[in-house]
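Participant: Sharing a structure with you now.
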Amino acid sequence: MASAADIRSVLSVPDPTPGSSQQPQKKPTATSKRPQGISRELYELIGDSVPSVVPQHSKARLKLKPNLGSGPPRSRWEWREFKNGARTDKLRLNHWVKAGTDPDAVYRFEHYNVVSNPYKYTDEEYAQLLEDPEWSREETDYLFKMIEDYDSRFLIVHDRYEFPGGVPRLLEDLKDRYYSICRKLVRSRPWNGDEVSRAKVLGLLSFEKERELTRKQYLRSLESRTPEQIAEEEALYLELKRLEQTERQFKKDRDDLLRTLLGVESGLSDIQLGDDSSLHGLSSMPEIKKSKKKTGSTMEIDSPSVATPSSSIMQAQKRIQTVKSAAYDAQHCITRTDVPQITATKSSHQAATLRSYKLPTPKQAMATKVAQTLLEYGVNSSRLVMPTRENLLHLESLIDATTLLLEAKKNVDRVEQDIRLMKAKVLRRDEQLGGGEGGEAPMDVDQEAVADDDDAGIQPGRGARKKNARRSMSVSSVDAAAQPGRSNKRQKQG
Amino acid sequence: MVQHGGDEVAAVVIDIGSSTLRAGYAGDDTPKAIIPTYYGYRSQPPDADVAMGGTTGDHSSLKSTSKIAKMFVGQDGPSIYREGMEVGNPLKEGLIEDFNPITPLIRHALEDVMRINPTDHPILVTEPAWNTPANRERMAEIIFDEFNAPAFYIANTSVLNAFAAGKGSALVIDIGHSEASVTPVIDGFVLRKGLVHSSLPALVHQRAKHILTQANQNRRGINLLPHQLIANKAPVDPGVDPRFNVREDRLQGITKSWRNWAENREVDEWMHSIGSVLDQGWNEQAVAARGARQYEFPTGYNYYFGAERFEVGELFFMHPQHLQATNPNLPKPLPQLISASVTSCDPDIRQVLLSNVVLSGGGSLFSGLADRLNSELNRIFNHAKIHAPGNPAERRYGSWLGGSILASLGTFHQLWISKEEWQEHGRPIVGQRCK
Ligand SMILES: Nc1ncnc2c1ncn2[C@@H]1O[C@H](COP(=O)(O)OP(=O)(O)O)[C@@H](O)[C@H]1O
Ligand SMILES: [Mg+2]
């Protein structure tokens, strides 16, 4: 019941966390002076070069008595009887409470006792609406009692269902009977609300027995597959992937060819560095295989059959929600995305994710720098308290801006460095021209060459030069693009 | 603890297993009192009976009609030699069969070991999932009428094992002293249709005893005399006949049940110390690679056990052909129990269960069992995930620990059956409240 802090307050012991007491503050001054356990003479001899491990004497430890007197005021706890409002009898149990708390206060855990109010029908309603040749009144009563007892946990209800003299019932039978009765009751009773809310409630109560049964049937057949069948399925799946990939590759090659032959007239967008689709196809292959291994086959289907029993309910809900106004959405921060109609291939299937997984990330090369810069401004780029769509957009634009800023800064730095270098060179040349000795010149060149080799990456001049060279090369190849014989080379480069 | 929803009312949790009875305060992480469920008793009071009276917690005031005249319970109960003492166990196949010794056992745990007054504490008792309504009502009666507890609750060991692992839904595999059970638990409720159990541990034990006491081509049958009966012994080389002297004075006074109990203890010791199971099924090379291990019995006899120590554990997973041929009603091995349990569940929840397999019970501490179970499960099902606490206490006392958690929750206190309710409604309240 009591936390460590409570216990400390009972014993009135000060909080030992660093910073809150005086002891840790004393320590640094003590070590900068003469450390404990070294005699004064020795300390004067060896001075500041104290061994890193200082002998600890138990004497010093003995002084560390708990500070019982001057801590925070001691708090008293009492073993007291309490009344639990969730109970229907007069049982009084005891527990520890801080002295001085209100003895008549409502028990802290009372409000967790939520009671569901399930649907109930009257005799009249039953006679008029709910008669069913398959169900007797007694059994229906029994079913409703069970559902109330087990808080609508149908799995448990079905497990414990033992109506004397009744026929064996499937889980779906029970659900069907219960939900159909509830729907009838909602429809027939006066509704004090608008039609939308009524339709919503009806949607929540919808249950299609046949559909559920076929779904379970599928699930069972899926589970009873032999290892050979599973292996075959997997092989087929891989084959399909491979076909798709070759098709994609073919298309890409054709596009490239067209582009090379016709240039802008081909109507295709300009060539992209590193074709995304093909890369994706390649890299996703082993991944799929792996995930397949891990998750096994029962979860491998993209059909509603993996959905929870409530999937039908959710669909019904969605239907109704489309009716609803956008204002409601805006008020409750709901953004709707269009769900693609059919998910034909595995790769186009998107699992449900939290939006916090979609946090934008800066370019790999810049990631740490961007994060650092943002942190300087007190922005945590890897976590959003409220990852709403708007916030994500904001963060993304922020990251983009920061990236731009950093790149600009880098360029500025580089140019400045260039200028400085150039100036230095000019200065040196001026000096040489103005009466330098002949012997110095070659040495100077050497030095520069060494520097150039050492930190080639950092040397700004060199990088720029390289870039220039590359650019000129690509320019030349574009020029050459008109000549069909050289198109191969260009493709490789791309 | 406030943030965890805890509110301790000094409840006491009692978990009665076939091997030990565990009792302790709710909210603790290990039971305070762990006493053997086996008890010693004498049918007629011998003339000179003064020894150990107070310390062993004997309860001669047994008002029952049984012929028991004197009982010896607790740590100094059956394990101490007493002339003419029999040993009994109130449990059979995990269920309490004989309620007479239960009161003295609980009284000893609460009053002599924990030194508490039961009238001050709400008491939570555990029961196996296959307990009968009559049994649990009898337990309520004992707690209210004989211990005068203010409140009582009876909870299911499987559910508690799942709680101890921090799960509301799980497939609980509990390997106890005499019974192994597989129980699907959903939202803290047992799915009774998926419950399977068998006396597999008892079979393994029997088999181990058979292997040890029977001679084979390498060694003679082993004498399992307990140390209480051995006056002195001399060290001998492995495999050589032991040299020891029996306490002849005691040999006359022992009973068959005590001797049996003591020998079973030796078998258990042997199994705990060097018994093991291979993680990938039976394989002569693997057995050879793991090597033989030496074990010494109280007689001084010692031997390097090789294949034998793995043969025992294999029985948890597979029954050898010759055994199956001779007795067709062998308790089912673990993989069969598990698939029987899982396939009787709704297909929708199988995945939930298989990804939350909780392994518990003292028998699961058998060396290598968790690894083997993992590989067996993954052979049958595509992806099963086993939760097996590394801390042996957590596994051995899993059901007690779950009870300790449950009875210290603030939201649980509305579920206690109070004495008032018991007096008002009588026995049916137990079934209504403890679902
Ligand atoms: N290290 C171990 N290796 C093998 N078996 C063990 C080990 N420790 C305990 N056991 C066995 O566990 C059983 C007790 O388990 P437990 O779950 O307490 O049973 P129960 O609940 O039926 O009393 C005993 O039969 C004991 O032999
Ligand atoms: Mg047990």
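Participant: If r is the Cβ-Cβ distance from A:Arg74 to A:Asp149 and R0 is 60 Å, what FRET efficiency results, to the nearest 0.05?
Facilitator: About 0.80, to the nearest 0.05.
Participant: What shape does region B:282-408 have by the C-alpha gyration tensor, where a ≥ b ≥ c are the square roots of the eigenvalues, rounded means a/c under 1.5, and otherwise prolate means a/b greater than b/c and oblate the rest? All intermediate terms of the calculation are to be shown ahead of the outcome.
Facilitator: Working: a/c = 2.04, a/b = 1.36, b/c = 1.49.
Oblate, because a/c is 1.5 or more while a/b does not exceed b/c.
Participant: What whole number of Å gives the distance from the Cα centroid of region B:348-363 to the Cα centroid of region B:201-272?
Facilitator: First find each Cα centre; the distance between them is then 37 Å.
Participant: When every alpha-carbon pair in region B:242-291 is counted, what percent end up more than 14 Å apart?
Facilitator: Values: 865 of 1225 pairs.
Roughly 71 percent, rounded to a whole number.
Participant: Further, regarding this structure: Relative contact order, percent, of region B:135-187 when contacts are C-alpha pairs under 8 Å separated by at least 6 residues?
Facilitator: On the way: 50 pairs, mean separation 12.6, N = 53.
Here the relative contact order equals 24 percent.
Participant: Relative contact order for chain B using alpha-carbon pairs under 8 Å, separation at least 6, rounded to a whole percent?
Facilitator: Values: 846 pairs, mean separation 90.2, N = 435.
Computed value for chain B: 21 percent relative contact order.
Participant: List the residues of region B:400-417 for which accessible area in the full set of protein chains is at least 40 Å² lower than for the chain on its own; 1.4 Å probe, protein heavy atoms only.
Facilitator: Checking the loss per residue gives B:Thr411, B:His413, B:Gln414.
Participant: Restrict the search to region A:370-426; then list the trypsin sites (Lys or Arg not before Pro) that DSSP places in a loop and that have at most 15 other Cβ atoms within 10 Å of their Cβ. Walk me through the numbers before you get to the answer.
Facilitator: Values: sites: A:Arg383, A:Arg389, A:Lys409, A:Lys410, A:Arg414, A:Arg420, A:Lys423, A:Lys425; in loops: A:Arg383.
Passing sites in region A:370-426 are A:Arg383.
Participant: Based on Cα positions only, what radius of gyration and what Dmax would you give for region B:362-435, in angstroms?
Facilitator: Here Rg and the maximum Cα pair distance are 18.9, 53 Å.
Participant: To continue, here is another question. At 1.4 Å probe size, with no ligands or nucleic acids counted, give the accessible surface of A:His332 in Å², nearest ten.
Facilitator: 90 Å²
Participant: So if we plug the beta-carbon distance of B:Gln206 and B:Ala231 into 1/(1 + (r/R0)^6) with R0 = 35 Å, what FRET efficiency do we get, rounded to 0.05? Each step should come with its number before you reach the end.
Facilitator: On the way: r = 30 Å, r/R0 = 0.85.
E(calc), rounded to 0.05, equals 0.75.
Participant: Further, regarding this structure: Per residue, how big is the convex hull around the C-alpha atoms of chain B? Give it to me in cubic angstrom, could you? Before the final figure, lay out the partial values.
Facilitator: Values: hull volume 69.8 nm³, N = 435.
Output value, Cα hull per residue: 160 Å³.
Participant: Given the options B:Met318, B:Met71, B:Met139, state which has the largest fluctuation in a GNM of chain B using a 10 Å cut-off (strictly under) for Cα springs.
Facilitator: In this elastic network of chain B, the residue with the biggest mean-square fluctuation among B:Met318, B:Met71, B:Met139 is B:Met318.
Participant: With just the Cα atoms defining each centre, how far is region A:211-230 from region A:148-184? Give it in Å.
Facilitator: That distance is 24 Å.
Participant: Now for a separate question. Going Cα to Cα from A:Lys209, which aspartates and glutamates come in below 12 Å? Please leave out same-chain ones fewer than 8 positions away.
Facilitator: Answer for A:Lys209, where 12 Å is the Cα cut-off: A:Glu172, A:Asp173, A:Asp176, listed by chain and number.
Participant: Filter the GluC sites (Glu not before Pro) in region A:200-237 to those in DSSP coil with at most 16 other Cβ atoms within 10 Å of their Cβ, and list the result. Working shown, then result.
Facilitator: Working: sites: A:Glu208, A:Glu210, A:Glu212, A:Glu223, A:Glu228, A:Glu232, A:Glu233, A:Glu234; in loops: A:Glu208.
Counting only loop positions with at most 16 other Cβ atoms within 10 Å, the GluC sites (Glu not before Pro) in region A:200-237 are A:Glu208.
Participant: Moving to a separate point now. Loop-only chymotrypsin sites (Phe, Trp or Tyr not before Pro) in region A:135-240, please: DSSP not H, G, I, E or B, and at most 14 other Cβ atoms within 10 Å.
Facilitator: Answer by residue number: A:Trp191.
Participant: Over the C-alpha atoms of region B:132-247, what are the Rg and the largest Cα-to-Cα span, Dmax, in Å?
Facilitator: That works out to 22.8, 62 Å for Rg and Dmax.
Participant: Sorted by accessible area with a 1.4 angstrom probe, largest first, how do B:Trp400, B:Trp422 fall? Let's see the in-between values first.
Facilitator: Numbers: B:Trp400 0, B:Trp422 20 Å².
Ranked list, largest accessible area first: B:Trp422, B:Trp400.
Participant: Distance check, please: which entries in B:Lys193/B:Lys385; A:Lys363/B:Lys385; A:Lys200/B:Lys167; A:Lys241/A:Lys363 exceed 26 angstrom between their Cα atoms?
Facilitator: On the way: B:Lys193/B:Lys385 22 Å; A:Lys363/B:Lys385 37 Å; A:Lys200/B:Lys167 33 Å; A:Lys241/A:Lys363 29 Å.
Checking Cα-Cα distances, A:Lys363/B:Lys385; A:Lys200/B:Lys167; A:Lys241/A:Lys363 exceed 26 Å.
Participant: Can you give me the three principal axis dimensions of region A:149-215 from its C-alpha atoms, in Å, biggest first?
Facilitator: 41, 28, 19
Participant: Taking 7 Å along the Cα-to-C-beta vector as the label spot, tell me the B:Arg427-B:Glu394 distance in nanometres, rounded to one decimal.
Facilitator: 4.0 nm
Participant: Which entries of B:Lys32/B:Lys419; B:Lys70/B:Lys256; A:Lys175/A:Lys358 have Cα-Cα distances beyond 27 Å here? If you can, show how the numbers build up before the last one.
Facilitator: Working: B:Lys32/B:Lys419 25 Å; B:Lys70/B:Lys256 18 Å; A:Lys175/A:Lys358 38 Å.
In this structure, A:Lys175/A:Lys358 exceed 27 Å between Cα atoms.
Participant: Rounded to a whole number, what is D in µm²/s for region B:198-343 from Stokes-Einstein with the Kirkwood radius over alpha-carbon pairs (20 °C, 1.002 mPa s)? Could you put the intermediate results ahead of the total?
Facilitator: Details: Rh = 16.9 Å.
Estimated via Stokes-Einstein, D reaches 127 µm²/s.
Participant: Then there's this: Could you give the length gained on full extension between A:Leu262 and A:His111, defined as 0.36 nm per residue of separation minus the Cα-Cα distance, in nm?
Facilitator: Working: separation 151, 0.36 × 151 = 54.36 nm, distance 7.48 nm.
Between A:Leu262 and A:His111, full extension yields an extra 46.9 nm.
Participant: What number, in nm² with one decimal, is the all-direction average of the projected area of the convex hull of the alpha-carbon atoms of region B:91-196? Provide the component values of the computation, followed by the final result.
Facilitator: On the way: hull surface 28.3 nm².
Directional mean of the projected Cα hull area for region B:91-196 stands at 7.1 nm².
Participant: Among the aspartates and glutamates, which fall within straight-line cross-link reach of A:Lys425, defined as a Cα-Cα distance under 15 Å, with same-chain neighbours fewer than 8 residues apart omitted?
Facilitator: In chain and number order, the partners are A:Glu416, A:Glu440, A:Asp444, A:Asp446, A:Glu448, A:Asp452.
Participant: Viscosity 0.692 mPa s, temperature 37 °C: give me the Stokes-Einstein translational D for region A:120-261 in µm²/s, with Rh taken as the Kirkwood radius over C-alpha pairs.
Facilitator: The Stokes-Einstein estimate is 165 µm²/s.
Participant: Rank B:Gly253, B:Ser199, B:Val277 by how far each Cα sits towards the positive end of the charge dipole of region B:194-279 (+1 on Lys, Arg Cβ; -1 on Asp, Glu Cβ) and give me just the farthest.
Facilitator: Sorting the options by dipole projection puts first B:Gly253.
Participant: Can you give the accessible area of A:Trp96, probe radius 1.4 Å, in Å² rounded to 10?
Facilitator: My reading of the accessible area for A:Trp96 is about 120 Å².
The values are calculated or read from the model by the stated rules, or taken from the named source; none is laboratory data. Bear in mind that the values here come from a model prediction, so they are computed numbers and not experimental data. Reconstructed Cβ throughout: ideal geometry from the backbone, glycine too, with neighbour counts over all protein chains shown. Quick note on the areas: whole protein, heavy atoms, side chains included, nothing else; ligands and nucleic acids left out. Shrake-Rupley method; radii C 1.70, N 1.55, O 1.52, S 1.80 Å.
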